[in-house]
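Written below as structure tokens is the structure these notes are about.
A short reminder: the numbers here are calculations on the coordinates, not readings from a lab. Computed from a predicted structure; not experimentally measured. Backbone-built Cβ (ideal geometry, glycine too); neighbour counts: all protein chains shown.
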Amino acid sequence: MRIAWFTPFEKESAIGKYSKHACEALSKVADVEIFAYETGPEVEMHETSVIVNRYKATYELTYLDCYDVCVYNMGDNGNYHSVIYDVMLSNPGVVIAHDVCLHNFVKAYWYIHRNNPSEYDKLLEKYYPEKKDEIIAAQNSAVTWGNFDLATYSLAEEVLSNQKGVIVHSEYHKSKLDVDAPILVVPLIYGCQSKSKENKSNSTEGNDIIRMITVGYVNPNKHSDDVIEVLGKNPDIAKQVKYTIVGSIENKRYVALLRQRIAHYGLKDSVSILGSVSDEILKEEYDKADIVTNLRYPAFEGGSASLCEQLMSGKVTIVCDTGVYSEVPDECVIKVNPMSIDISLANVYHDILSGKIELGSIRAKAREYALEHHTDSNYRQKVVSFLEQVCFEGPMRELLTALDEDVTCLSNSDLNQRLCNQIELLFGK
């Protein structure tokens with residue numbers, strides 16, 4: 001099977017990292033080539049053993065019919081996915097939907113990439129006429145927009161329409177889709193499981209300080225403001241905690257809110273915002289951390305690469321009991337109620353500090369689950385089987401059904417010619 005795999009492939013792209021591992025796994029049994037949009041020679045790309053085709057414009061892609069299937073990686077970012085979407089529209093294939101919400105992508109596509117904002121407004125009117133004004137109003141506030149129910153008003157039905165199949169990474173994501181195409185649910189691939197090692201922090205042993213970390217683009221959806229609020233209202237917890245926030249601080253309004261709360265509660269000794277850091281410093285911060293707070297609510301991700309990595313590393317991770325995070329067994333993570341994050345977090349912190357929650361057991365079970373669940377072989381078998389079904393078995397079944405219907409209603413005089421035509425469609429001349 002020949003697969004044309006369209007993806008962002010910049011080193012800073014998490015989907016690019018996913019594609020590197022996915023394509024290298026699939027290349028064991030299929031002929032896979034990566035197609036990455038040429039964003040400039042100065043942009044560093046992932047290294048891979050798979051062939052990478054760089055293209056500068058969609059009109060260069062005149063040979064896609066040489067492949068059995070085009071696979072398109074789509075996420076909620078207009079900068080990374082707009083050109084891929086252009087290719088999708090003219091060459092339907094199988095879409096890997098990485099985010100439940102594709103609303104921000106669609107808006108950026110029409111506002112920036114196509115310079116036609118009225119089309120975005122038309123889509124809101126088409127899919128969510130009763131919510132259109134509320135959706136537009138919510139975009140005026142970073143906090144309001146970050147907590148808006150974009151999992152329901154995702155515009156995924158527009159992006160995924162007229163495609164041959166859809167791949168997602170959780171049952172939760174599948175439940176949110178309304179598409180007329182076969183859907184495969186397959187766990188995220190992590191890559192290099194044999195090389196990943198358990199990452200234990202021993203700072204709690206013989207030490208009263210618990211080190212916590214939140215990693216990734218700093219935005220309201222990660223609820224760092226709730227963590228700070230809990231520490232501020234519970235000084236007994238705050239004096240035993242070091243909480244570090246690592247990631248891009250481009251969302252200036254939200255970061256300003258966090259700094260304001262840190263100052264208000266006098267938490268400068270307990271909470272640090274590092275911003276973006278090098279891979280080396282990020283690894284150091286991860287190594288020091290006893291707990292990762294990976295709070296996402298609403299859950300816009302179809303699968304969480306960060307959670308996958310944390311489980312694989314044997315990290316104790318606190319998550320909201322929602323979306324893809326609910327699907328992880330209770331003994332592998334610590335779950336808090338997303339409807340009362342502050343109260344649940346305070347209870348969890350007290351239980352950890354008192355020893356009621358045994359961190360060592362969670363570490364071991366998290367890693368055991370990840371090593372069994374997020375494997376190359378599991379991913380490869382399920383994805384290849386699905387692509388074969390979509391590309392070969394499905395179309396053949398449809399043609400045979402049409403042939404059977406034709407035979408039922410045809411007269412003998414034109415039967416032979418119609419049979420020949422259908423056979424030609426199935427097998428070529």
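In terms of Cα atoms, the Rg and Dmax of region 269-331 work out to 12.8, 36 Å. For the pair His350 and Leu274, label points projected 7 Å from Cα toward Cβ lie 3.1 nm apart. Taken along the Cα-to-beta-carbon direction at a fixed 7 Å, the label points for Lys56 and Glu331 span 5.8 nm. Reported to the nearest whole Å, the Cα centre-to-centre distance from region 68-144 to region 253-321 is 27. Would you work out the charge dipole size for region 210-373 about its Cα centre, treating the Cβ of every Lys and Arg as +1 and the Cβ of every Asp and Glu as -1, and quote it to the nearest 20 debye? Roughly 540 debye, rounded to the nearest 20. Were the residues from Ile357 through Asn116 laid out at 0.36 nm apart, the gain over their Cα-Cα distance would be 81.4 nm. Listed peptides 150-157, 242-249 appear in the order 150-157, 242-249 once ranked by packing, highest mean of other Cβ atoms within 10 Å at the front.
The mean of 1/r over all distinct Cα pairs in region 69-160, once inverted, gives the Kirkwood hydrodynamic radius of 13.6 Å. Beta-bridge orientation, the chain: approximately 5 percent antiparallel, per DSSP, counting only bridges with both partners inside. Between Thr39 and Ala364, the distance separating the two model label sites (each 7 Å from Cα on the Cα→Cβ line) works out to 4.2 nm. Residues Leu345, Leu282, Leu124, Leu89, arranged from fewest to most other Cβ atoms within 10 angstrom of their Cβ, appear as Leu89, Leu282, Leu124, Leu345. Working note: Karplus 6.51/-1.76/1.60 with θ = phi - 60° gives region 350-358 the couplings 4, 5, 5, 5, 7, x, 5, 9, 8 Hz, where Gly and Pro are set to x. Hey, with R₀ at 35 Å, roughly what FRET efficiency would Arg2 and Ile343 work out to, going by the Cβ-Cβ distance, to 0.05? So, using R0 = 35 Å, E works out to roughly 0.05. For region 210-373, the spread of Cα positions along the three principal axes, ordered from largest to smallest, is 44, 33, 31 Å. Residues of region 349-384 with an amide N closer than 18 Å to a point placed 7 Å from the Cα of Ser49 along the Cα-to-Cβ direction: 375-381. Rg ratio for the chain: its Cα radius of gyration over 2.2 N^0.38 Å, N being its residue count, equals 1.10.
Sorted largest first, the spans of the alpha carbon positions of region 2-185 along the three principal axes are 48, 36, 29 Å. Extension gain, Glu250 to Asp65: 0.36 nm times the residue separation minus the Cα-Cα distance gives 62.5 nm.
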